[in-house]
Structure formats: C-alpha cells, structure tokens
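I have placed the structure first, in the form of structure tokens, so that the comments after it can refer back to it.
The values are calculated or read from the model by the stated rules, or taken from the named source; none is laboratory data. Note that the coordinates shown come from a computational prediction; the quantities given were computed from them, not determined experimentally. Cβ placement follows ideal geometry from the backbone for every residue including glycine, while neighbour counts extend to all protein chains displayed. Note: areas computed on protein heavy atoms with side chains; ligands, DNA, RNA excluded. Shrake-Rupley method; radii C 1.70, N 1.55, O 1.52, S 1.80 Å.
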Amino acid sequence: DPGDPGSNPTSGPPVHGACFSLCLCLCLSLSLSLSLCDITQKGYEKKRAKLLARYIPLLQGVDPSLQAENRVSGPAQTSAVAPKQQKPRPANSRDERFRSDVHTEAVQAALAKYKERKMPMPSKRRSVLVHSSVETYTPPDTSSASEDEGSLRRPGRLTSTPLQSHSNIEPWLDRVIQGSSTSSSASSTSSHPGGRPAAAPSAAATATLTGPAAHAHIGPRLRPVSGGSAGSGLSAPLPVAGVPVSSRVSSKIQQLLNTLKRPKRPPLKEFFVDDFEELLEVQQPDPNQPKPEGSQMVVLKGEPLAVGIPWPPSLLAALQRWGTTQPKAPCLTALDTAGKAVYTLTYGKLWSRSLKLAYTLLNKLTSKNEPLLNPGDRVALVFPNSDPVMFMVAFYGCLLAELVPVPIEVPLTRKDAGSQQVGFLLGSCGVTLALTTDACQKGLPKAQTGEVATFKGWPPLAWLVIDGKHLTKPPKDWHPQAQDAGAGTAYIEYKTSKEGSTVGVTVSHASLLAQCRALTQACGYSEAETLTNVLDFKRDAGLWHGVLTSVMNRMHVISIPYALMKVNPLSWIQKVCSYKARAALVKSRDMHWSLLAQRGQRDVSLSSLRMLIVADGANPWSISSCDAFLNVFQSRGLRPEVICPCATSPEALTVAIRRPPDLGGPPPRKAVLSMNGLSFGVIRVDTEEKLSVLTVQDVGQVLPGADVCVVKVEGAPYLCKTDEVGEICVHSSATGTAYYGLLGITKSVFETVPLTAGGAPVSERPFTRTGLLGFVGPDDLVFVVGKLDGLMVVGVRRHNADDVVATALAVEPMKFVYRGRIAVFSVTVLHDDRIVLVAEQRPDASEEDSFQWMSRVLQAIDSIHQVGVYCLALVPANTLPKAPLGGIHISETKQRFLEGMLHPCNVLMCPHTCVTNLPKPRQKQPEVGPASMIVGNLVAGKRIAQASGRELAHLEDSDQARKFLFLPDVLQWRAHTTPDHPLFLLLNAKGTVTSTATCVQLHKRAERVAAALMEKARLNVGDHVALVYPPGVDLIAAFYGCLYCGCVPVTVRPPHPQNLATTLPTVKMIVEVSKSACVLTTQAIMRLLKSKDAGAAVDVRTWPTIVDTDDIPKKKVASIFRPPSPDVLAYLDFSVSTTGILAGVKMSHAATSALCRSIKLQCELYPSRQIAICLDPYCGLGFALWCLCSVYSGHQSVLVPPLELESNVSLWLSAVSQYKARVTFCSYSVMEMCTRGLGTQTGVLRMKGVNLSCVRTCMVVAEERPRIALTQSFSKLFKDLGLPARAVSTTFGCRVNVAICLQGTAGPDPTTVYVDMRALRHDRVRLVERGSPHSLPLTESGKILPGVKVIIAHTETKGPLGDSHLGEIWVSSPHNATGYYTVYGEEALHADHFSARLSFGDTQTIWARTGYLGFLRRTELTDASGERHDALYVVGSLDETLELRGMRYHPIDIETSVVRAHRSIAECAVFTWTNLLVVVVELDGLEQDALDLVALVTNVVLEEHHLVVGVVVIVDPGVIPINSRGEKQRMHLRDGFLADQLDPIYVAYNM
C-alpha cells in the first residue's frame, strides 16, 4: 500500500489495457503520418476522431474523470498471449481497497471542478521519446510492481476510461500572438523614449548572419536600421520578417500565458518594501486562519505495569530458563520462498548456538595476541531478510558476549542508496567486525582479491561467518558473565532521517526489558503462543515483538520473508490458518496485497487470531487497508476487535497500541478531520467541506507504565491545547536512550522537558520526542496524523508528504504510474519549502497520458491541500533508488533531484503558482529632474561623472598629422619616402607567410584597383563599392584603391561556401542597403556569388557589377582623388549588433585620420614596431587595426585570420612569440579558443619555444562588458609561457565610436570593482567588498583614448550624472562616426544618437549616445598627465537588457548563474518573449539527462535573480548563434525558437 511504498505483486487482469493499447497504436500511427507530412492537421483530427469513436462512448457533459465510475463491466476475453491465466477481477471493483472511498471521491470531485484546462504540453525530441516496445521492457521488480502489470499484453473489453476527446499532442492553435516584434526589451518598457516607430524598409528580407562557423548556426533574421524604432531612440529592430508568429511554439506560449493569467490565491498582504533592497515577501498569517481554542492538555498516564507477576530478571535469564527447561519448545520457524518451513529453531538450539557464538567471539578472535573484541564493543549484524534463524542466534550471541549488536541491511552493490550513510554510522560506532552467514557472504560484492569489497564510505571490517561449522564449542564449565539489567547499551537500531543521514538509536538493557514487559502486558501475550511476523525482524516492531518479547514469553514465531510475500501475498494468512496463530504482526501493505490475491481462496480462516497488530497504524492509509481487509475477511472468521493498529518510533519504540476489549481497550474511533485545519496544526472535525478531509483511526492507548504529552513542533516544547496537533512525547522506562555518539541532538530529542503555558516544567523527568505528529482524542486514545520526517512547511502551513502521495494516487490510480513508487519531499528554494513529487512511470504510458495525469495531479493537490506543487517529475520504471525491503529511498531521491542526477523522462514545473514570496515588482519612482540631480551631487560633494583622454593638441609629434589629413596621401608619402618598408605580413594556418606588402607594393596594387574601377566598372566619384574578400592583403589594396578613385568602400564578410543558405543573404542585404554600385572580389568568390547554389538562396540576377581583382592589368591612374573637404565620406562600416540589427555608420576622412592618430598615440606605434592582429577585418576597431593603422603609423602588422585558428589553435600565440610583438589584439572568441584548445598543451608549446614575455599589452577588441573570468583564466594559463600578469586588457567601442577605450602602453593598470547585482537591477551602482553576496566584478574597459571625452547621462532625463552613478555612456571625439547610413536617409530619427545634448549643465557640447550603460569612477591612481585617473566601467548594452518585474536585468548575469547550475550545461542564452523569461541551455551530455536541467535552471534563477523562468529550452551544443566577436546573438536565437527551427531536445513550459 502506498504507505509503505513497496507495492503490490502482480495479479488480476487489467481493466482497460488492451483497448487502451489499441487506441494508443492508432494514435501513434496517425501521429507518425502527421509527422511525416502525408496528412494535414485537420485531416489528422478527423481521422483520429473517427477511429476512436468506436472505443469511446462519450458521455456528453460528464467530466471524463468521472466517467470511469460508470464502468462497463463485461467478461474479459482471455487471449493466447496472456502470460498467466488468472481469474479476471470484476471491472467495477473500484480501487477502494487501499484508500478510503472518501478520498478517491474527493479527488474525482475536485478534478470535476476544473474544466479541462489546456496546459501547454512540453515538447520533446522524438529520439528522447522512443521507448523500447513494451514487450521488451522489463517492468519494475515485483517488489514495486502493481496489480495491473503488463496491461498491454492482455486484451480485455474496454471499460470506458476515455482518452480525452481533445488531442493534446500538439495543440495547434490559430491564435496569433500580438506582441514582441520589437527588441528584447520590447515586451516591457523600452530603454530610450522619444522615437517614432520606424517604417519597414523593403530590404527587411529575411537575411541571415554569417559567423566564423556560421554553418553550425541557425539562420537568424537581420533587420537593417532605418531610423528609430518602436518607442526607442536607440536602434531597435523592426518587425521580424518571416517569423510565423502563430507557430507551434508561440501557440504553446500563448497557452502558458492563458494558464498564468488565471488569478491564483488572493495576493499576499504587502510587507515592507525598500526600493533599494529586494525584500522577499514574508507571509503574514491570515487573520481568519483557524486557531486552537481548547484548554491546555494534561499529561496522559498509561496503566501501571502489573506487579506481582514473576517477570524474569532479564531477557537472557528468560532465554537461559527456556533453553534449559524447555529445549524442545519451538522458538522460530523460517520459511522458504515456496512457503515451506525450512527450519524450526528450538529454544534449546537457540541457547546452545548463542552460547557457542558468544564463546567464539570472546575467546577465539585475536589480533596480535590481543582479544579482537572487548565487552561493550559494537558489532554489525548483516543478515538477509530470509534468514531470521541466524539473525536471532547472532543477536543473542552478542548479548551473551556483552557486545552491542548493530543490525544493518545487506549491502547489495558497491553503491547502494544510502550505503555511505550506513558506513558513517558503522564508523561512528567504531564497528570493526561484521557477522553474517555463509550464503550471504558469498553473495556480497567482492574485490579482486576475493575479499568482501569495501563499500563506499564504510570503515574496514572483518567479516565473520557464524554458521555452526565455523564456531567453537565452549567448555562445560564456561559461563558468560553477561550483566544485562542496567543502563548499559543492549543494542543499536539504525534510523534514517529526513535528510538521509543515518543515526543509531541506543537501547539499554533496562529499556529492552521494560519494552518486553510493557508489550507483553499490552498485547496479553502468554506462554507458548504462536505469532506470525511479516515485518523486518532486524528493527522496529518486527524486532521488538518477533525476536525480543517472544523469547520472554517462550512464544513460537513464524517468520514470513519478504520474498515469499512477493510471490504469494496470501502466505501470511495461510500460515495464521495452518499454525492457528493467536497473533499476527503486519503492515497495511501486507493486508492490501492479500486483498488483491484472496479471490479464489475460500478455505482460509482467521478465527484463531486474537490480535492482528498493524505496525504502521500511524500511517494515513492504514485505515483504508484495515477497513477493506475487515470487509473481506469478516466472513472468514476475522473479528472486528482483533485489528490493533499501533504507532512506533525509532526513538521511543512502541508509542501506543490498540487493545482488544478483553484486554480492557475502549471501542475504536475514527476522526474525519479538515485538511485545511490540519495544515494550520488545528483539529477540526469536518462537517460541511467533504472534499479535503483526512480520515484517521486511533492507534490505541499509551503503553503500560508510560506518560504521554503533545508539545509544539517549533520552538520551546510547550504543551499543546487539546485541539492542537503537535509532536507526541513519551516518558517511560521503555524508550531508547540516545543517538549513539551525538550528544547535542540526543539532548533535544531524548531529554525534552515539556513546559506549561506559564513556562513551568510539566515533570522533573525528561520525555522522548517520537517524531510523530498527533493529538490525544476521546477515551484517552492516541491519534497520529503524520510524521515529522514527512512534514513540509510551505508558507505558514504544514503538509504531510504521505497525504500528498495519497491524493496523487487517487487520480486514476495505477494507469500511468506504479503504485507505491511515488516520492514526495520538499526542497528549499528562495527561503521556503517547495513540494516535489517524483513517480515511476509505466513504460506503456504515452507522453500525452503522462502529461495529462501530471496536470490532473496538480489540480487535485491544489484543490484538496490548497498548496501548489513546485515540481512534478516522472522517471522510467525501476530507476528510483530503493530502500531495503522495497519502498523508495526518499532522501537519496531528493539528493539526486538536487544534484541533477534523477534523469526524469517527464517534468512539469509550476513555479508561477508556488512561488508567492517574490519581492514586489519595482514601481518606478517619479524621476528626479536633471537640475536637482546636479545640485544634489554638488551638495553631497560628488563630482559630475565626466572623463577625457589626453589632449590631442599637445601631442602632435610631427607636422605629419596636419600635412597629410587623408590616408591616401599618407600611403603615397610612405611609398615615396620608405618604399621597401614592410607594412603587412599575412600568415596561414601553418604559420607560413602567404603574402606581404611593402609601402610601394600596396600603393601600386591600389592604383591598379582604382584604374579597374574607373575603366571596367565605369564608376563615378562617391559611388559605393562592396569589398567581398577573405581576410588578407587583397582586401587592404582594394580599400585604398577605392579611396584613390574617390569611391566609398564597404567591407563585407564573404559568404561561407558550406552554408550559403544562411550566410549569402547577409552579403546581399549589405550590398543592397549600402547601395553599392559594384562588388570587388576574388575569382573564387565571384564564381560562388553567381553559382547555382547561390541562386537557391538569393536572386543572383540582381547583383551589381562584379569585378574580380585577381589578374587586373598593371595600370596607373592619371590622378589620385583628393577629397575637397575633410568631412567627405571615406568609408562605410556595416555591422550586425547582438540584437540582430544591421547598422552602417559613416566615417569621414577627418574621423578616419583622427581614429588612427588616437590609436597611434595610445599604443605608441612607430615604423619600427611590430604588432600581431588576430581579428576579423570587416567592421569596427578590427577593421581599423587591420586596414588603417599600419598605413598611418608605419608599423608592421602581422595578420592572423581567426578562421585559421580552427585548424591550428596555437597559430596566434606562436606568431606573437616569433615576431616578438609588444602589442597584440584579439577577440573573445579567439581567446576562448586558445583557453579551451591549449589548456593542456602549455608544456608542448614551451618545448616548441613559444615565449610570450615580449608582450606589453594584449587587448581584446569588444563591444560588451569585459569578460573577467575568461581574461583571468587566459592570463593564468599562459603565465607559464611568460605572459606578464598585467598584459591582458580589453577595449571598448560601439557603433557611434569604434574606439572609445584602449589600454595602450602607458597609464595605470585596469582596476576591478565589485558592485551589488541587486542594486544594478534598480539602475544603481553600489560598491561592495569582494566576495560579498550578490557581488559582481567589473573591470574597466581600458583607458580613454586621446581626444575622447566621456560623460554619463541619465537614460530618461538626459541630465548629467554624478561619479559612480549608472547611466548611458555618451562620447564626444573627433573620430565619432558622423551618422547612420540607411536606405531612406531618415537621419532625423537617429540624429540624437550622433548629436545629443545634455538637458542641463553643459548644453553646448554635441555628444554621441553609445547605447551602453556604465559608470565613471575616480580612482586613487594617477594617469600619464599626472591627474587622478577616471575609470570607465561598461555594464552592458541597453538594447540587450531585459525589463522584468520593473527591474533591468543584463542577460549575461542570468546566463552566468545558469551555466554554474550543472556541469553538463555548456552554454546558455536568455531572452524574453511576451514577458516570459526564456532560458536556452546547450546540453553537453546524454539526451536522457536533459530533463535534469529544468528544475536546476529554474531554481538557480529564482534564488539568485528572483525571477520565474517561463520556458526552459534544452538544445544541442553549438545551437546558440555567436557572431565574429564572440557575442551571443540572442535575438536570432529568439527568432529561431519562435519559428521552431532549433530542433530542441526538450522544451519545458513552467506553469
């Protein structure tokens, strides 16, 4: 029965198996044809309905869950494939056998209240879905099987358990989601007010991004910027072209939103909200909640222990007496799995064999001539459940030898569930010897040596086999000296706590004797009675009745092994009958099993029984088993008063037991209690609310000689009121005495002093806490309503794990999950307990059925317990960790869940409904005006945040800057004055130089290109030319060729030949958007652009003129073009932002020269220098360093194309070492490749002579927050190769200014500060110490370049901000770009990006807005000019931020947390869609383990960011698209997800 989560052996045919399987096959074949696309969705629906119509007599208007009641019972047709011909069970015998009817009906009625809510079903990749056929699937071992095992194999007539009439496999909804066609923050407020929605340009064709490995990426969509966009002054994307917004994914998200819109419980009362800290809501008690109203309880006293009876002075004295005076009397009969009596141990044999063992233990075991054991030593007893005889001999042998037996379970494998904890117990008890039998020892796992293996966490043990032949007979005159009456420890019983730790409860000789006496009196045991015992004889009631008390009374115990019960659940009843047993000891599970098997047995009689002791009477399910058992067996001689539930606890031993009337017991009682009252710890007999009640039976009276009281569970042990639930405490001489070796918790458990309301102790004597929750009812009967171990406190209410299991089981029991294979526990997430339910799913249950069952379980638990389930997981049959003797090892299951090792096959998370203590969403305060801000800063003594690089005016090193304003002039001057000075070296993957260019060679090649442009392409001055080249010298020559003839070059990354479909449209788009009149390229790429494959991706007829420059004639141009003014356009720089926006900026000749001059001064670049560049040369600073700077400063550039690193990772670092480069530039993706690819090879590189000590600065070119973890691990890793510790730094640039900061060679080292991540969400900077909670390290992004001025402005009011305030970074410099270049020339919308003015203070200066959040902070360091140094910290792009719950989140922060959550998460990206947070994780592991991540991801984001994840998408490695700078393209990912192009492994929709 579910209470003892073993479960039932197979019996009885299924009621509805075959038809169900038939429907399943039909549906599957249909779904298959649907997925293979030979049937339309509509046709699918029609065909499916038609096929199923015959099988589903749909009762109109009746909830499907209730139709099961009107079962059509018909003769079950047996078929040839039936494995066992068994009598069919009448179909209408509902499963009332193990749950009180009330509960099942309550659950069904509760479910009927919910109309079938459509929840979005998770989608799973087919490969994860494929179950092996049911035939080949091994069902769980029978210990946890259930009554309609193998239901698919036995066709029977259908009883109308309908498959729900609507298909939930893929709900194809026609709803179109209105909404997020704008940027990532579009689902909420946008970051920059004051724009008009933009008009969509015709070129918004779905174009795609190219990447270094673009063929591995999905094809995302690009949108060119045309002016502003929806409500945002910054470039936000236009409506996504080509995303079917009503795609499958979106319809599911819409369903999810619909389910989330339903108001859950009334919102909690507001607590205390400080805008600065996000305080979690503290649940305030509801003023209307039930409160206890009774008077204070009085201590309940049991009847006195009988006097005048000649009790034996000790248990061993009793054993000696019976062993010598009644040696033939039977003591214990052991049975085999066929139910035959294998051996009967007589009292004489027990006495002689125990003596023999005691003698052997004391005299024959030595180590180094010392006795191995001393009196009081602990010894482990390792005996299987099938061998009670040897166990009994070992137990009494130890007692006779004054050793302390510690019975434990037989370890089956090296790593049993909980075995480590048992090892800890043995270690802490100092156990060095284990006793076992020959057979058992042979079966233990062995090491190579043939010795018994050492189990994980166990101390080294010597194993002693105690079969007769290994023992020595003691001499005649030898007598053990056992003192067995005092306070000394008699034995230690193990107990596993809720957390999974195993502790040993010590029981003294005095307690042992008192327990036996009390049980003898309470149960009226008499000499030579027969007792049938089905329980585990190693501990608890099985040990107390079947091994100890039985010997005191010379009783005969028939021990029924668990294995026999599995084969024949009726065995115990048959034995009661054949041995005319007077007493039987069972659990409710055993009664339940025998009910299922008793059909054909007419000849059993239970009339001999005077007591049927139900050992787990404290379980909420025991009442239904007792009732149902009595119901059936009353006709076979079972008298109602015979059933005696009892309550036990490892600490207090027997707490209470019901006695038959002839022993003076009052009549039994039941209580029907309100579940709601119980959750507040109050007893309310329920009258009106029939749905959520718990029916409990009494567990009888207190044991003779014991006092009992009930104390409050939390805090000091005050007595409860009479109508209050608390923990039952016992004072008696028959309880355990301590937890072995654990003084602290022993004191709180075994030495509790209950207090009255006034605080006075109730008695001088200490009480023992039992761990049972309950109350004392009428007639002084004890009622138990739960266990402390199963208590889950959610908010302010208490729920019992067992009750939740009962509710789950009442939802269509046994159809989808194995009965009794359900675990319920709580995990702490965000400072509150959250309920998790894990069940084993039958192999034949379809995805859809399981999902439906899960959603109904949620509804049932919600209705009956008014509590939400945080996570519901189904795992494949037989995979949950087992406890000894069946059942589920709860703490191990919980451990696996938290470690992501549970491997579920279905998961449903409901954080939206459960998590009610999130901080309140932030209300935006009315903003302080810009003027007050300045005044406030002045008053506070804070400076306004502004900083600038060195002045350019003082830094001119020659008149070169004034003489040659334009780059073409500089190149001609260099070709004239230093013709043979080398400017460029290009390396290939092998590290060999493939092409070089001196000043004069470059000049001549540029002239040739200019001539070709004017003659071949007939271009005019000012025409735009697209340069589509691989990285190399050709690209540079073509660029200067364009400048020479007055054309405007646009560099474009060439398409990837293996992935034209996604990379070519981007090329086409840039060519079109930039209005290029001609394409310059190489022969190979020209062929590619016009190829047949290209024709499939774009319209190849619309290319402008394509000129290949591979073999153009050597010609000079008549005159080289000189721009009439410095403001003439020099080139266009096109780039795709991470938010998926294609933006081109205009660079004038003046800006181009100024950029080169600033970089030259910052990095001290002279003709004698060599620098190594490993960057893509197509946009931003990468382009400037690759094409412009060498010509301007005359230094030599060693060019390393990043693509070459894919075949030779060490290429860049080898080049740096070989050319002794002092300055080198790379991107994050290059740095990551080196860190990952060369991590283990630094030794090899050192051998090859790679030495990086020449490097002064290694700069990462980036447009994002510095990635500290990556730069630090890179520095650490290559320190071995001489890389100086402070060499690595980052740069910062953006669209409006490609180089704002660069570390350079002079100036102080970059500084790192730690800021509070919670404050950042509120747009504030709060500096904290390193290592403080919620701290986030930020490093400054290099030094501000000469001539650049930076200010921090408020994003909304555009007023200046103070030092260390977060705002938008604005920049003013001679090398700012002059504007966006767009199709329609709508510059007005973006004018304020390039020509913004402050709203207060210095309103004259023209600034460009970068679109990045950051802050300036004055440091203690001095810069080159002797001033205090101002550091600029970049926090992140405004466009990327997510606005959720009124706060601003940076995706990278959430992603960092998620990647830390589990070792198999390789990468992560987040975005929002219709206000839901979507987390995409790349799984670096087995697909079967994918679902482990769902709960872990949800937990970590809740804990660290106070956000509820809406959707978790698990994909293969490499799916998250990355651009050439190594930045995640989150918007492309979002588009791919919504268009259903990701082929995810699993998509979980959190409810």
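Things to note:
- Close pairs (8 angstrom Cβ cut-off, 6 or more residues apart or separate chains): surrounded by 21 or more Cβ atoms within 10 Å (Cβ to Cβ) in region 670-685, part of a helix (DSSP H, G or I) anywhere: Met675/Asp803; Met675/Ile864; Met675/His865; Ser679/His865; Ile683/Gly677
- Spans of helices (runs of 4 or more DSSP H) in region 489-593 with at least 3 residues open to solvent by less than 10 Å² (accessible area, probe 1.4 Å) and either hydroxyl-bearing (Ser, Thr, Tyr) or under 30 Å from Gly664 (Cβ atoms) (or both): 509-523, 540-543, 571-578
- Of the residues examined, Pro407 is one that is closer than 24 Å to Tyr740 by Cα, in a strand (DSSP E or B), touching a residue at least 40 places away in the same chain (Cβ under 8 Å) and not hydrophobic (A, V, I, L, M, F, W, C).
- When Ala401 is tested against (1) under 28 Å from Ala563 (Cα atoms); (2) crowded, with 22+ Cβ neighbours inside 10 Å, only condition (1) is not met.
- Test: Val1136 is in contact with a helix residue (DSSP H, G or I) (Cβ under 8 Å, 6 or more places away or on another chain), closer than 30 Å to Arg1265 by Cα, open to solvent by less than 10 Å² (accessible area, probe 1.4 Å) and among the β-branched types (Val, Ile, Thr): no
- Output for region 842-855, where each listed residue is open to solvent by 10 Å² or more (accessible area, probe 1.4 Å) and either closer than 30 Å to Pro561 by Cα or of a type outside the set (Gly, Ala, Ser) (or both): Pro843, Asp844, Glu847, Glu848, Asp849, Gln852
- Of the strands (runs of 3 or more DSSP E) that lie entirely inside region 1280-1394, those containing 2 or more residues that are modelled with pLDDT under 90 span 1379-1381.
- Residue in region 449-461 that is over 23 Å from Pro407 (Cα atoms) and of a type in the set (Asp, Glu) present: no
- Residue pairs whose Cβ atoms lie under 6 Å apart, separated by 6 or more positions or on different chains, with the first residue in region 1015-1026 and surrounded by 19 or more Cβ atoms within 10 Å (Cβ to Cβ) and the second among the basic types (Lys, Arg), are His1024/Lys1075.
- Some residue of region 1334-1349 being of a type in the set (A, V, I, L, M), surrounded by 23 or more Cβ atoms within 10 Å (Cβ to Cβ) and within 20 Å of Arg1448 (Cβ to Cβ): yes
- Region 685-699 - residue that is among the hydroxyl-bearing types (Ser, Thr, Tyr) and modelled with pLDDT of 70 or more and, of those, nearest to the chain's Cα centre (by Cα): Ser692
- Some residue of region 355-371 being among the small types (Gly, Ala, Ser) and modelled with pLDDT of 90 or more: yes
- Condition met for Val796 (among the β-branched types (Val, Ile, Thr), open to solvent by less than 10 Å² (accessible area, probe 1.4 Å) and in contact (Cβ under 8 Å) with a residue 12 or more places away in the chain): no
- Residue match in region 445-459 (condition: in contact (Cβ under 8 Å) with a residue 40 or more places away in the chain, surrounded by fewer than 18 Cβ atoms within 10 Å (Cβ to Cβ) and among the hydrophobic types (A, V, I, L, M, F, W, C)): no
- Going through (1) open to solvent by 10 Å² or more (accessible area, probe 1.4 Å); (2) farther than 19 Å from Tyr343 by Cβ; (3) not in a loop (DSSP other than H, G, I, E, B) one by one, Met390 falls short only on (2).
- In region 413-434, the residues that are within 30 Å of the chain's Cα centre (by Cα), open to solvent by 10 Å² or more (accessible area, probe 1.4 Å) and not acidic (Asp, Glu): Thr413, Arg414, Lys415, Ala417, Gly418, Gln420, Gln421, Val422, Phe424
- Selection count, region 596-635, where residues are at pLDDT 90 or above and among the aromatic types (Phe, Trp, Tyr): 2
- Among the residues making up region 1304-1319, those that are surrounded by 19 or more Cβ atoms within 10 Å (Cβ to Cβ) and in contact with a helix residue (DSSP H, G or I) (Cβ under 8 Å, 6 or more places away or on another chain) are Gly1304, Met1317.
- From the list Gly700, Gly664, the one residue that fits, being of a type in the set (Gly, Ala, Ser) and either under 22 Å from Val749 (Cβ atoms) or in contact with a Gly (Cβ under 7 Å, 6 or more places away or on another chain) (or both), is Gly700.
- Where Ala306 falls short, out of the listed (1) out of contact with any strand residue (DSSP E or B) (no Cβ under 9 Å at 6 or more places or on another chain); (2) part of a helix (DSSP H, G or I); (3) open to solvent by less than 50 Å² (accessible area, probe 1.4 Å): (2)
- Matching residues in region 626-642 - criterion: being open to solvent by 10 Å² or more (accessible area, probe 1.4 Å) and touching a strand residue (DSSP E or B) at 6+ places or on another chain (Cβ under 8 Å): Leu630
- Top-ranked residue of region 1259-1288 - restricted to ones that are under 14 Å from Leu1213 (Cα atoms) and among the charged types (D, E, K, R), ranked as surrounded by the most Cβ atoms within 10 Å (Cβ to Cβ): Lys1279
Let's see how each residue does on (1) in a loop (DSSP other than H, G, I, E, B); (2) of a type in the set (Gly, Ala, Ser):
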residue	(1), (2)
Asp603	yes, no
Leu612	no, no
Asn619	yes, no
Phe629	no, no
Ala671	no, yes
Gln697	no, no
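- From the list Lys1075, Lys1068, the lone residue that is farther than 23 Å from Gly1182 by Cβ, basic (Lys, Arg) and either modelled with pLDDT of 90 or more or in contact with an Asp or Glu (Cβ under 7 Å, 6 or more places away or on another chain) (or both) is Lys1075.
- Flag if Phe633 is touching a His at 6+ places or on another chain (Cβ under 9 Å), within 28 Å of Val693 (Cβ to Cβ) and either outside any strand (DSSP E or B) or not acidic (Asp, Glu) (or both): no
- Only a single criterion out of (1) modelled with pLDDT under 90; (2) not in a helix (DSSP H, G or I) is not satisfied by Lys469, namely (2).
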